[in-house]
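Data first, discussion second: the structure below is written as structure tokens.
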Amino acid sequence: VDATYYFNDITYLQTICLPHFVPSFISDEYEKQLYLSMFSPLFQAQGIEINSVNITHAFPENPVWGIKLGRSFTSFDAAISYYNGYYLNAYPKTMQPVPGPSGMTLDLELGYPKRDIFGLEFQGDFPGIAGATLRGDIAYIIPQPWEAQGEYVLKDPYLKAAIGADYTTSFDLYLNVGYIWGFAFEEGTECSPYIFLNARQELKDSKLTPNYMGGISLRDKSMVNSIGVNYNFTDDFSINLSYLFMIGEEGSKFGQMKSAEGVYLMGEWSF
């Protein structure tokens with residue numbers, strides 16, 4: 001349910017309510033393999049060999065809701081918001097190894113911690129640079145304290161932020177630079193700083209558009225890079241060919257994602 005009330009042409013109040021909580025999708029088999037690889041070494045160190053995982057989910061029963069107050073100013077738009085809901089990804093709640101037909105099975109219950117989020121978002125002209133745009137999202141998150149295996153995985157309030165600027169040069173080179181505190185998969189004390197760059201060169205009288213996307217973790221200096229080219233067959237259909245690769249140690253922020261390296265082909269059709 002989504003409702004918006006406009007006080008005038010420049011100020012609005014928006015409310016959203018989701019009667020039923022919907023978590024992020026993850027396939028059953030992938031989820032089992034994920035937690036098996038995560039907890040098997042832990043129990044193996046205790047002399048317990050885990051061969052399989054039996055997962056149950058404890059879904060929240062309360063609705064999710066949020067409210068946002070936005071206003072347009074002379075050179076930028078801004079809004080403040082509040083979200084009352086839950087983490088979309090599950091966290092371990094209880095776990096117990098039990099004997100199974102083919103060895104030890106880990107009975108694992110997953111839950112979704114509650115969280116309150118106070119947000120600030122803005123977008124407008126970049127001061128001092130004509131034609132440049134500055135945008136940002138800042139969130140102050142208060143998590144439900146969540147303990148697993150005797151340790152808190154969520155406890156204290158924390159910040160996540162994404163601030164970026166984009167600009168197109170006189171020779172049609174589009175640049176977007178962003179600073180991120182807390183990547184998509186990071187929460188709580190895991191949050192760390194990153195810098196990202198997107199570049200796209202429009203070529204005159206050509207259907208080809210070279211592009212580059214790169215990011216670096218300021219904590220361990222690992223990097224993600226994507227070099228590609230976009231070909232516009234028509235105004236409505238295009239394909240993008242890119243090569244994705246990581247730089248960094250195996251356990252680093254991006255180094256642990258090396259399994260995603262490779263050549264990607266993507267088509268886009270607008271209709």
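Within region 145-154, if we keep just the residues that are modelled with pLDDT under 95 and not in a strand (DSSP E or B), the residue that is surrounded by the most Cβ atoms within 10 Å (Cβ to Cβ) turns out to be Gln149. Exactly one residue out of Asn54, Asn84, Asn89 is over 30 Å from Phe122 (Cα atoms), surrounded by 13 or more Cβ atoms within 10 Å (Cβ to Cβ) and polar (S, T, N, Q): that is Asn54. Out of region 106-144, which residues are in contact (Cβ under 8 Å) with a residue 12 or more places away in the chain and in a loop (DSSP other than H, G, I, E, B)? Answer for region 106-144, where residues must be in contact (Cβ under 8 Å) with a residue 12 or more places away in the chain and in a loop (DSSP other than H, G, I, E, B): Tyr112, Pro113, Phe126, Ile129, Gly131, Ala132, Gln144.
The condition of being in the same structural domain as Asn84 (by TED's automatic domain parsing), out of contact with any strand residue (DSSP E or B) (no Cβ under 8 Å at 6 or more places or on another chain), surrounded by 12 or more Cβ atoms within 10 Å (Cβ to Cβ) and not in a loop (DSSP other than H, G, I, E, B) holds for Leu34.
Of all residues in region 115-136, none are crowded, with 17+ Cβ neighbours inside 10 Å and either more than 30 Å from Tyr5 (Cα to Cα) or not assigned by TED's automatic domain parsing to the domain that holds Glu31 (or both).
For region 1-31, the set of residues classified as surrounded by 13 or more Cβ atoms within 10 Å (Cβ to Cβ), among the aromatic types (Phe, Trp, Tyr) and assigned to a strand (DSSP E or B) consists of Tyr12 only. If we scan region 183-192, do we find a residue that is surrounded by fewer than 17 Cβ atoms within 10 Å (Cβ to Cβ) and within 30 Å of Gly128 (Cα to Cα)? Within region 183-192, one or more residues are surrounded by fewer than 17 Cβ atoms within 10 Å (Cβ to Cβ) and within 30 Å of Gly128 (Cα to Cα).
The values are calculated or read from the model by the stated rules, or taken from the named source; none is laboratory data. The model shown is predicted, which means the values in this text are computed figures rather than measured ones. Neighbour counts run over all protein chains shown; Cβ positions are idealised from the backbone, glycine included.
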